[in-house]
Amino acid sequence: MLNFSRSSYKVLLNGALVTAIVTLSACGGHGHHGDGHSEGDDHHSGANEAIGAPGVAADVDRTVEVVMNDGMRFVPDSIDVKAGETIRFNLKNTGAVKHEMVIGELSYLIEHSEQMKKFPGMEHDEPNMLLLDPATDGELIWTFTKAGNVDFACLQPGHYDAGMKGMVTVAE
């Protein structure tokens, strides 16, 4: 058992509290692991009526293949769907670095991209995004609930600024 003096214990405890506060602040309130935010919090998950809702496999209307590459591009970067359609995005990272697809309003994507630059080690697990290691694949299922344009992007540090973004056009 470690033997700490009362003053050493206080210093250690204060250091742990400061570390916890800095870590929680670093998450910027965007649903990163351990930040205590609810998955159902629309602002924090980036999921709201404007962009749709998480979908389920049983409701998938069609599948769209999307490749993410180290040229900092999505292929395709423009996707057409219909309001009410549930899409399975089969994502393939053909690159040598991590890439992700994050669906969200443009303001959310820009804000989140800036947070990722400040805290590049952040991990997140939200229904509107999928992070893939190099040379792996995965799926993201999303229901587009209303007509309009829905943005998506890779928010790994520097990727959004390099042009790794796209648009889903949702028709009536």
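Coordinate-derived values only; no laboratory data. Remember, it's a predicted structure, so these values are computed and weren't measured experimentally. As a convention, Cβ positions derive from the backbone with ideal geometry for all residues, glycine included, and neighbour counts pool all protein chains shown.
Starting from the Cα of Asn90, move 7 Å in the Cα-to-Cβ direction to define the label point; list residues of the range 119-142 whose amide nitrogen is under 17 Å from there. Output list for this probe position: 135-142.
Model label points for Ala50 and Asp125, set 7 angstrom from Cα along the Cα-to-Cβ axis, are 2.8 nm apart. Spin-label model, Thr136/Ser107: points 7 Å from Cα along the beta carbon direction are separated by 3.3 nm.
Within straight cross-link reach of Lys146, meaning Cα distance under 28 Å, which lysines are found once same-chain residues fewer than 8 apart are removed? In chain and number order, the partners are Lys82, Lys92, Lys165. Highest mean first, the peptides 140-153, 120-133 sorted by other C-beta atoms within 10 Å per residue fall in the order 140-153, 120-133. By the scheme Lys and Arg +1, Asp and Glu -1, what is the net charge of all other residues having a beta-carbon under 10 Å from that of Thr136? After counting each charged neighbour, the total is 0. Summing charges over neighbours of Lys82, with a neighbour being any other residue whose Cβ is under 9 Å away from its Cβ, gives -4 when K and R count +1 and D and E count -1.
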